[in-house]
Amino acid sequence: MSPDKRPFRSVLYIPGSAARALQKAVEVAADALILDLEDAVAVDEKDAARSLLAKVLTEQDFGARVRLLRINGLDTVWGRRDAEAFAGHPGVDAVLLPKVSGPEDLDAVQALMPGKPVWAMLETAKGCLNAAAIAAHPGLQGLVMGTNDLARDLGSRARADRMPLLASLGQCLLAARAHGRVIIDGVYNAFRDEAGLRAEAEQGRDMGFDGKSLIHPAQVGIANAVFAPSSDDLALARRQIEAFAAAQKERRGVAVLDGRIVENLHIVTARQTLARAEAIAAMNRQEA
């Protein structure tokens, strides 16, 4: 299933140094995994984590989950080693580069990992300002918001409504949609706060994000539910399609359903909703 068709409702970070977490990841119903060699790995464990992860990706079957490898930045002593170690590794679906500032950063990682699809983390003011150029890069598949680092870079305060980050989130979302890229919302840090996670996930969904990055397996169920079409969404989509088809038979350009106008643009959205549900079902069948 191509990246632009498959679901990315839940994208779970797994530390590359955590052998047990890597082993248990096959039991978690996340749509994608970020196998992390960067922030989640201590400085003195970087080399060991690289070796462990290479072994795990060779021996372990992660099923239908997309495997994104987050390497260290290429401006660090570990980044180039990470890239070279996994350049041809078949267990890596794509490489995720942290703190991308511009498209030249993606050129640099592609030079080290030719042919490997690239994802970019947008987590700095400069990266957000350059989001359109980054999203336009021909080797890019998707964007991941790094909201913790972004808040630090902006000097903003944490708020439940994320108001200080909305301008940056919106700019990156516009860039992703303009260039047809997947875009994943940032993490919610209080992993035991289910109500807070649900509220923030719903905000991200309503803005237009494809899914949410997560720091704990307990968050996966909520993200999967929030970013999937509900039964009401699916029922409305089918009714809109039926109403519009009936209107066309009567040579009318619009339909009326429940007192609301239904035009062709609503049918495009309705079909996207049904396609999204089918993509989720298809992925679940792969896992069965």
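Bear in mind these aren't lab numbers, they're just calculated from the coordinates by the rules spelled out. Just so we're clear, the structure is a prediction, and the values are computed from it rather than from any experiment. All Cβ positions, even for glycine, are placed from backbone atoms using ideal geometry, and neighbour counts span all protein chains on display.
In which sequence would Asp44, Asp185 go, from the one with the fewest C-beta neighbours within 10 Å to the one with the most?
Working: Asp44 7, Asp185 28.
Ranking Asp44, Asp185 by Cβ neighbours within 10 Å, fewest first, gives Asp44, Asp185.
How far apart, in nm, are two points set 7 Å out from the Cα along the Cα-to-Cβ line at Thr76 and at Arg159?
Here the answer is 3.1 nm between the modelled labels.
Can you give the angle from 0 to 90° between the axis of helix 103-112 and the longest principal axis of the chain, with both taken from C-alpha atoms, to the nearest 10?
That helix lies at roughly 60 degrees to the long axis.
Pick from Ser231, Ser101, Ser168: which is most flexible by mean-square fluctuation in a GNM of the chain where alpha carbon atoms under 10 Å apart are linked?
The residue that fluctuates most here is Ser231.
For the chain, what class follows from the C-alpha gyration tensor (a ≥ b ≥ c being the square roots of its eigenvalues): rounded when a/c is under 1.5, otherwise prolate if a/b is larger than b/c, else oblate? Before the final figure, lay out each step's value.
Numbers: a/c = 1.85, a/b = 1.67, b/c = 1.11.
Judged from the Cα gyration tensor, the chain comes out prolate (a/c at least 1.5, a/b above b/c).
List Ile34, Ile241, Ile261, Ile184 from most exposed to least, where exposure is judged by having the fewest other Cβ atoms within 10 Å. Before the final figure, lay out the partial values.
Details: Ile34 26, Ile241 18, Ile261 9, Ile184 29.
Ranking Ile34, Ile241, Ile261, Ile184 by Cβ neighbours within 10 Å, fewest first, gives Ile261, Ile241, Ile34, Ile184.
By how many degrees, between 0 and 90 and to the nearest 10, does the Cα long axis of helix 166-178 differ from the longest principal axis of the chain?
80
What nm value, rounded to one decimal, do you get for the distance between Gln60 and Ala111 when each label is placed 7 Å out toward the C-beta?
Each label point lies 7 Å from its Cα, and together they span 3.3 nm.
With r as the distance between the Cβ atoms of Ala132 and Arg271 and R0 = 41 Å, compute the FRET efficiency 1/(1 + (r/R0)^6) and round to 0.05.
Values: r = 27 Å, r/R0 = 0.67.
Computed FRET efficiency for Arg271 and Ala132 comes out at 0.90.
Which lysines does Lys46 reach when only Cα atoms under 19 Å apart count, and residues fewer than 8 places away in its own chain are ignored?
Lys55, Lys99
In what order do Cys128, Cys172 fall by count of nearby beta-carbon atoms within 10 Å, going from fewest to most?
Details: Cys128 23, Cys172 27.
Lowest to highest Cβ neighbour count: Cys128, Cys172.
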